[in-house]
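Undergrad: Provided herewith is a single structure, encoded as structure tokens, for subsequent inquiry.
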Amino acid sequence: MLRLERYSQQEQYKDIKQFAYRVAQKDIHTLYGKEGERLRFTEKQKPVSVSSATTTITDKQAYYKANVMQLRAKIKAMKTFLDSASSTIERAKDSAGVMKEGLNQVWDRRTQTINEKYLSKYGLEMSPEDLKKFFAAKKQSKLQTLVGSDSMFSVAAAIKKNNLASNKRDMARFIKNNLDLSGKIDEKQYEDAADMYDTFKDIIDLTGDPVLNDYITEAIRQGLNYKNIFIH
């Protein structure tokens, strides 16, 4: 946990405490009754207290059972943390002594999947560092909320590939070029770039999917454009 706290001070790992670390902090608070920040698992376990009046076998059995159940819960929480990929940066041994992936390996694998599944057909790709920036950006977080994790990369890729801007002047130039319009588009007729794109999206049809085309409108309305999406 100390290592994760130190890594979280670096820009590329600033969100690292949002995964296994956060779960462990909640478990420690629940199981140990500890308060505050940067909580730690306790190696020496304190048994459940029992009244000195406890003399019957039934009472003693209940006491032992309570301690065993609590100890098992604490061990499970520790194992969950140690076995999680996000509890380490690089590969390390888990609670059973078996090598497990670290967070960097998870990012590498996830980036490869996203590139192959969503971006390659647009001739685009992301690096693991790009992906970290993508998820850390507030605008991308809004995009995921709007369109869902399955669609956000397709929407972002369409915006990047077509150099879609979030201002009316650039959007007017894009529409004019794609529709081969000879006349000037009156920007005053449109509330913003999203409104302008929404008017022509069915004619231009960037994705072949009307739902994704609608999502692009919402993404532009949130200020996403080809300059602030971390895809190359």
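Undergrad: Could you pull out the longest piece of the chain with no exposed loop GluC sites (Glu not before Pro) in it, calling a site exposed if DSSP puts it outside H, G, I, E, B and it has at most 13 other Cβ atoms within 10 Å?
TA: Longest stretch, sites excluded: 91-190.
Undergrad: Once both labels are modelled 7 Å past Cα along the beta-carbon direction, what's the VAL23-GLU116 spacing in nm?
TA: Taking the two extended label points, one gets 2.5 nm.
Undergrad: At 0.36 nm per residue, and after removing the present C-alpha to C-alpha distance, how many nm does the segment from ASP192 to ARG3 gain when stretched out fully?
TA: Using 0.36 nm per residue and subtracting the Cα-Cα distance, I get 63.4 nm.
Undergrad: Sorting check: for 117-123, 160-166, which peptide has the highest mean count of neighbouring beta carbons within 10 Å, and how do the rest follow?
TA: 160-166, 117-123
Undergrad: Per DSSP H run of n ≥ 4, the term is -39500 (n - 2.57); total these for the chain, divide by its residue number, and report the mean residue ellipticity at 222 nm rounded to 500 deg cm²/dmol.
TA: So the helix-based figure for the chain works out to -16500 deg cm²/dmol.
Undergrad: Sticking with this structure for a sec: Please express the Cα-Cα pair-distance distribution P(r) of the chain as a list of whole percents, one per 10 Å bin, running from 0 to the bin with the greatest distance.
TA: 7, 23, 22, 17, 13, 9, 5, 3, 1, 0
Undergrad: Taking the alpha-carbon distance from LYS139 and a cut-off under 29 Å, which lysines remain once sequence neighbours fewer than 8 residues away in the same chain are dropped?
TA: Of all the lysines, those that pass the test against LYS139 - Cα under 29 Å, at least 8 places apart if same chain - are LYS14, LYS17, LYS26, LYS117, LYS121, LYS160, LYS161, LYS168, LYS176, LYS188, LYS201, LYS227.
Values quoted throughout were computed directly from the atomic coordinates according to the rules given, and no laboratory measurement underlies them. None of the values given here were measured: they were computed from a predicted structure. With ideal geometry, Cβ positions are generated from the backbone for all residues, glycine too; neighbour counts draw on all protein chains shown.
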